[in-house]
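Take a look at the structure below.
The values are calculated or read from the model by the stated rules, or taken from the named source; none is laboratory data. Computed from a predicted model, the values in this text were never measured in an experiment. Note that we place each Cβ from the backbone using ideal geometry, even for glycine, and neighbour counts take in every protein chain shown.
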Amino acid sequence: MLTTEFTKDQPEYVSVSLDDYGVICLTGPQTDEFLQGQLTCDMRQLSAHGWLYAAHCDNKGKALSTLFVVRWDEKVLLISHKDAIAASLAQLQKFGVFSNTEITDATSQWGRYGVFGTQAQSKLAALLGQPLTQEGLQPVTQTTTELVLQVGHSPDQFILISSVDRIATQAKQEVWNALEIERGRPTLVSGTLLEYVPQMLNVQALGGISFTKGCYIGQETIARMKYLGKQKRALFRLVGQGQPVQAGTTIEQQLGDNWRRAGTVINAVSRADNQLDLLAVLPSDIEAGTKLRVKDDDASLLEIYPLPYTLDET
């Protein structure tokens, strides 16, 4: 199945158990105010019918996590990889003692699933017993026991959070990860935490940064990078041949007859034997035809592949 590029050849239905994902739950009257000072998104834009994308940073502007932010009844949920969730949870609990908000790791309370394909919407509607919300670009559908975020189109892609374990899955999580790479949407894991300002991960291109919301942790660095032209790195999709790699692996570029460090792998999957598809942080001004390889894999050869969005902010 991974030989398919899902955004070009849409499958009918794929369901995945997102066991690597975790959930932070926040409740209390000051939750929104607290998160407004923590996340890069504008919490004033978070409705009951739409989710937000965001980064969560330390005071130096380095990202602890990239997150899906969603409201469910009186709760706000933050959804991401468990490594990132653990990092964010520690900082949130550190600062949360000053706010009237309760912060918990709620991963064990709900099943986490990924669903995509041309039949995904109709199957989820049947599961919930109601049509899915179509309002806005990032719609959310709620019941008392399920929460559905539509996180992509062509193919339709959903995250399902459920307190009822009643969805059968038929694919491994690497299939979901492959679609996320096609979306150009990074997921931070161990080895890539606290290394990058959100713009280096293209979070602004994915609508995850508000530059008008006011102060939050890391805001000074993020604003300086935007307004003073300090961004020297960005996220790229690379495709080509190579052995399987892990997040944090070094990518090298060819300079004359030599190879020099170019950047770092953020997420990667093996599409087939010796075929890689990955997201990596590289110099922003790298030329499209630059020859790239994985460090210590001399037989590897990667090329820059188009992203589904633009990085041009002019």
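Structure values in brief
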quantity: Some residue of region 190-200 being surrounded by fewer than 21 Cβ atoms within 10 Å (Cβ to Cβ), touching a strand residue (DSSP E or B) at 6+ places or on another chain (Cβ under 8 Å), part of a loop (DSSP other than H, G, I, E, B) and not assigned by TED's automatic domain parsing to the domain that holds residue 281; calculated: yes
quantity: Check on residue 158, among the aromatic types (Phe, Trp, Tyr) and either closer than 21 Å to residue 43 by Cα or in a loop (DSSP other than H, G, I, E, B) (or both); calculated: no
quantity: Failed criterion for residue 124 (all others in (1) hydrophobic (A, V, I, L, M, F, W, C); (2) buried (at least 18 other Cβ atoms within 10 Å of the Cβ); (3) under 21 Å from the mean Cα position of the chain (by Cα) hold); calculated: (3)
quantity: Subset of region 165-211 [among the basic types (Lys, Arg) and free of Cβ contacts under 8 Å to residues at least 60 places away in the same chain]; calculated: 166
quantity: Residues that are outside any loop (DSSP other than H, G, I, E, B) and within 19 Å of the chain's Cα centre (by Cα), drawn from region 207-238; calculated: 222, 233, 234, 235, 236, 237, 238
quantity: Some residue of region 50-58 being more than 18 Å from the chain's Cα centre (by Cα), at pLDDT 95 or above and surrounded by fewer than 22 Cβ atoms within 10 Å (Cβ to Cβ); calculated: no
quantity: Scope region 70-121; condition more than 25 Å from residue 142 (Cα to Cα), small (Gly, Ala, Ser), under 21 Å from the mean Cα position of the chain (by Cα) and surrounded by fewer than 21 Cβ atoms within 10 Å (Cβ to Cβ); matching residues; calculated: 86, 90
quantity: Entirely in region 33-115, the strands (runs of 3 or more DSSP E) that have 3 or more residues that are among the small types (Gly, Ala, Ser); calculated: none
quantity: Residue check, residue 130 surrounded by fewer than 21 Cβ atoms within 10 Å (Cβ to Cβ), at pLDDT 95 or above and part of a helix (DSSP H, G or I); calculated: no
quantity: Among residues of region 277-314, those that are more than 19 Å from the chain's Cα centre (by Cα) and closer than 16 Å to residue 242 by Cα, counted; calculated: 14
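Residue-by-condition table, conditions (1) over 22 Å from residue 179 (Cβ atoms); (2) in contact with a Ser or Thr (Cβ under 7 Å, 6 or more places away or on another chain); (3) not acidic (Asp, Glu):
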position	(1), (2), (3)
136	no, no, yes
140	no, yes, yes
155	no, yes, yes
165	yes, no, no
